[in-house]
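Step one of this worksheet: look at the structure below.
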Amino acid sequence: MYFLKNYFNYSWDEGRADLIAALTVAAIALPQGIAYALIAGVDPRFGLYSAIFVTAIASIFGSSSHLVNSPTSAISLVVFSTLAFIEPDARLDAYEAMFLLGIIVGTLQILIAVFKLGDLTRYISESVILGFMTGAAILLAVGQIANSLGIRDKGTAHQQIFYRLWLTLTQGNPNYKALTITILTVVLALVLRKLVRKYRLPQMDMLVVLVFMSILGYLLGWSVHGIGGKTAIAVAGSVPASLPLPHIPEIKFAWIPAMSSGALAIAFLGLLEALAIAKSIANQTGQLLDYNRQCMAEGLANLGGGFLQCLPGSGSLTRSAINYQAGAKTRFSGVLTAIIVAVALLALAPLTKYIPKAALAGLLILTAARLIDLKRLRYTFQASSFDAILVVITTLTALFVGIEYSILTGVALSILLFVPRAAKLKGAELVVSSEGIVRERLSFDPPCTSIILFDLEGEIFFGAAPELDRYLDQLKKRAIGASQERRGFANAAALRYLVRNSLYCLAPKARTQPRYRLYRAARTLPARCQEAWYYGVPCWSPS
C-alpha cells in the first residue's frame, strides 16, 4: 500500500531522474551479477535473476529511496562456504540447497522484523565488520587466483582454501593467455576508474571493461570454440534467454543443520549491510527511515528470491552509491533497474558465453583490494587493543575456520571482552582550587575537612558492583575521624547506565555516616536543574 501510494503520486521529473539512475546502475548490475555467481560457485544466471527479483522486491517493500539490493561479494562468499558440504559433482543439489538457503535467510529476516529485533544488529561492532570484510576480501582474491591463471581448481570445497590454493598452484600449469586477459582487465579497470572520477562520467567502467575484454578475446579467437569444442581460455558459459518460473526447492532435512550457521550469518550480515548503507545515504538526504520495514523488505526479497531461483542478496554499497549519485529520487529506481536488467538478459543472454572467466577474475581481485580499508585498519590498531583483537580474531576465523562463523565469533567475543571492560570503574578524589576550579586531588593537596568530592567514571551495572563497593569503602576510610556532618559526593555525570542490581551495595552505606549522594547532571535539562539522589530508600528505582 505504501508503494502504491507513492506510485500514484509519481511525477514525470521523478520518473526521468529514476530512469537515468536505473540505466547507470544496471550497467554495473550485469557484470556484478555474473561475477558474484562465480564467487558463490553457481551458474551465472542465478546472479542475474537475483539482480532482477531481489532488487525489485526489496525496492517495492523497502523504506530507503536509494538502497539497491542485489548479490554482494561478502554474502556470495558465505553462500559458497555454506554449500561446501555438497559434493562438487552434485550441481543440481547445490542449486536446490541455495534456493532453500535463500528461503531460510528470508524467513529469519522476516521474523527479526516481526519481533522488532533489527536493533540487535547494533551489537555487531564496527571492528567485527572490519575484520569480516578484511577476511572476505582475502578469500575473494585467493579464490580467483585459479581463474586468473586459467588453471582448474584442485581439491574439494571441504578442504581449507589455502591448502586448495597450494594444490592448484603446484599441480596446474598457468595459461598465459588467461593471465594476459587478467592483467589487461586490471590495468584497463584502474585507468577507466580514474577517468570516471576525474571527468565525473557515468560509473560504467566495469561493464565497459567486460565488453572490451570479451570482444578482444573473441577477435583473438581465445573464447571461440575450436576443435573438440574447447576454448583457449575458460568462459563464463551461456545463460538462457528467459526468466525463471516460480520453483519450490527440494527440501532435504539433512541439509538444514549444515546450513543453519551460514543462514544465520547471512541473515544478520545482510541486515547489517542494508541498514548501514541506507542510514549512510539517509544522513546525506535527510530521509526518515523505517528500519524495521527495511528489515522486512530484506526478508521478503530473499524469501521471494528463493522461490525464483535467486542467489541470496542484500543492500549493495556500490549500486546504492551509484543510484544516489546518479540522481535517483524514489525507490522506483530499483524497480526500473530490475526491469532493465531483465530486458538485457532476454536480449543479450547468448553473448555471455564469450565473457572470459579471467576478465571476471581480474575485476573481482580489484574488488577485493578495494574492500580492504587500510585507513580504518591502521586507525583501529592504533586506537584500541580491544578493537584490534576483535579485528584479528574475526579475520583469522574467516580465513581458517569459515567465513560464516566469523561474524558469530566476533559477536560472541565482543560480549566476552566487553563485560570485564565495562565492569571497570575509575574513581578519583576531586578538590576545589583557590581559583574555584574543580580538579583531581594531587598528592600534595591538603585534605578537605568538610566535604569529599569523588569522581566516578564507568558503567554501573551488576558486574561493576564489586568495584563500586571498593571505591565506597575508600570513601568510608577517608571519613573516619571526621565530623558527623562530613558528606561524600560521587560525581556520576559520565555514567550511562543505572541498574538496580548495582545500587544495593549503596544502601547499607547510605544509612551510616558520612551520607552518600550520587549526583549527576541530567542531559536533557539545564545545568541548574541537576538532580541529587539519596540512596537507602528501599523502594527507590532509577528512572
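Every read-out reported here was derived from the displayed coordinates using simple, explicitly stated rules and does not represent laboratory data. For clarity, every value in this text was computed on a predicted model and none was experimentally measured. Cβ coordinates were reconstructed from backbone atoms using ideal geometry, including for glycine residues, and neighbour counts include every protein chain displayed.
Compute the length gained on full extension between residue 254 and residue 325: take 0.36 nm times their separation in residues and subtract their Cα-Cα distance, giving the result in nm to one decimal.
Values: separation 71, 0.36 × 71 = 25.56 nm, distance 4.55 nm.
Fully extending the segment from residue 254 to residue 325 adds 21.0 nm.
Sorting 10, 324 on the 10 Å Cβ count, fewest up front, what's the list?
Details: 10 13, 324 21.
Result, fewest neighbours first: 10, 324.
Return a whole-number percent for the relative contact order of segment 15-417, with Cα pairs under 8 Å and 6 or more residues apart as the contact set.
About 40 percent, as a whole number.
Please tell me the relative contact order of segment 245-374 in percent, rounded to the nearest whole number, where contacts are Cα pairs under 8 Å and at least six residues apart. Write down the numbers at each step before the final one.
On the way: 45 pairs, mean separation 35.6, N = 130.
Normalised by residue count, the contact order of segment 245-374 is 27 percent.
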Going by how many other beta carbons lie within 10 Å of each one, how would you line up 132, 418, 332, fewest first? 418, 332, 132
At 0.890 mPa s and 25 °C, plugging the Kirkwood radius over alpha-carbon pairs of segment 62-112 into Stokes-Einstein gives what diffusion coefficient in µm²/s? 194
May I have the pair-distance distribution P(r) for segment 15-417, computed from all Cα-Cα distances with 20 Å bins from 0 and rounded to whole percent? 28, 62, 10, 0
How many nm separate the modelled label positions at residue 193 and residue 435, each set 7 Å beyond the Cα in the direction of the Cβ? 5.3
Cα pair distances in segment 89-191, grouped into 5 Å bins until the bin that holds the longest one, percent each: 2, 10, 11, 12, 16, 16, 13, 10, 6, 3, 1
Exposure proxy order (Cβ contacts within 10 Å, fewest to most) of 467, 87: 87, 467
Sites residue 93 and residue 383 - FRET efficiency at Förster radius 51 Å, r taken between beta-carbons, to 0.05: 0.65
Using θ = phi - 60° and the Karplus form 6.51 cos²θ - 1.76 cosθ + 1.60, what ³J(HN,Hα) does each residue of segment 304-312 get, whole Hz, x for Gly and Pro? x, x, x, 8, 10, 6, 9, 6, x
Farthest toward positive dipole pole in segment 156-225 [+1 Lys/Arg, -1 Asp/Glu at C-beta], among 209, 191, 221: 191
Taking alpha-carbon centroids only, segment 346-390 lies from segment 43-58 a number of Å equal to 20
Computed about the Cα centre, the charge dipole of segment 15-417 from +1 Lys/Arg and -1 Asp/Glu charges at the Cβ has a magnitude in debye, to the nearest 20, of 1140
Across 10 Å bins from 0, what is the distribution of all Cα-Cα pair distances for segment 200-278, in whole percents? 13, 19, 24, 29, 15, 0
Segment 297-335 and segment 77-98 have their Cα centres apart by a whole-number Å value of 24
